[in-house]
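Beneath this line is the structure, given in structure tokens, with notes to follow.
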Amino acid sequence: MPSIPRNLTLITRRCLTPRRLDRGIDVLITNPELVKNGLDLLEFPTMVFMQSGYNVYSLQQAARRSWRIGQKLAVKVIYLGYAATS
């Protein structure tokens, strides 16, 4: 399963994603902190967040990586959680 390592710079992350798309990936696993700035994830119109972290701003920024100029697909953002918890 492809992922974006935490130790990469923003420029390296920007170059890494298209190269992985050329290999035919359809799922990308990453941390909201790593994609909140500078990446356009138009190729991934469905985003699923398993953990929200403590920074709501970072989570909102990461959730909007698929809603960019040029997006032609319907975007769906899903937040997972446990039933009967708050």
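Reported count of residues in segment 32-51, each being surrounded by fewer than 12 Cβ atoms within 10 Å (Cβ to Cβ) and of a type in the set (S, T, N, Q), is 1.
So, ARG23, is that one surrounded by 10 or more Cβ atoms within 10 Å (Cβ to Cβ), of a type in the set (Lys, Arg) and either at pLDDT below 75 or over 10 Å from the mean Cα position of the chain (by Cα) (or both) or not? In short, no.
Taken together, the criteria exclude ILE11 from residues that are at pLDDT 85 or above, out of contact with any helix residue (DSSP H, G or I) (no Cβ under 6 Å at 6 or more places or on another chain) and not in a loop (DSSP other than H, G, I, E, B). Checking each residue in segment 66-77 for being assigned to a strand (DSSP E or B) and surrounded by 11 or more Cβ atoms within 10 Å (Cβ to Cβ) picks out only VAL77.
Taken together, the criteria exclude GLU43 from residues that are in a helix (DSSP H, G or I) and either more than 20 Å from ASP22 (Cβ to Cβ) or under 11 Å from the mean Cα position of the chain (by Cα) (or both). Report yes if some residue within segment 66-82 is in contact with a helix residue (DSSP H, G or I) (Cβ under 7 Å, 6 or more places away or on another chain), of a type in the set (S, T, N, Q) and free of Cβ contacts under 8 Å to residues at least 60 places away in the same chain; otherwise report no. Scanning segment 66-82, I find no residue that is in contact with a helix residue (DSSP H, G or I) (Cβ under 7 Å, 6 or more places away or on another chain), of a type in the set (S, T, N, Q) and free of Cβ contacts under 8 Å to residues at least 60 places away in the same chain, so the answer is no. Within segment 52-65, restricting attention to residues that are on the phi < 0 side of the Ramachandran plot, surrounded by 11 or more Cβ atoms within 10 Å (Cβ to Cβ) and in a loop (DSSP other than H, G, I, E, B), the residue that is nearest to the chain's Cα centre (by Cα) is ARG65.
The values are calculated or read from the model by the stated rules, or taken from the named source; none is laboratory data. What you see is a predicted model; the values in this text were computed from it and never measured. Cβ: placed from backbone, ideal geometry, glycine included. Neighbour counts: every protein chain shown.
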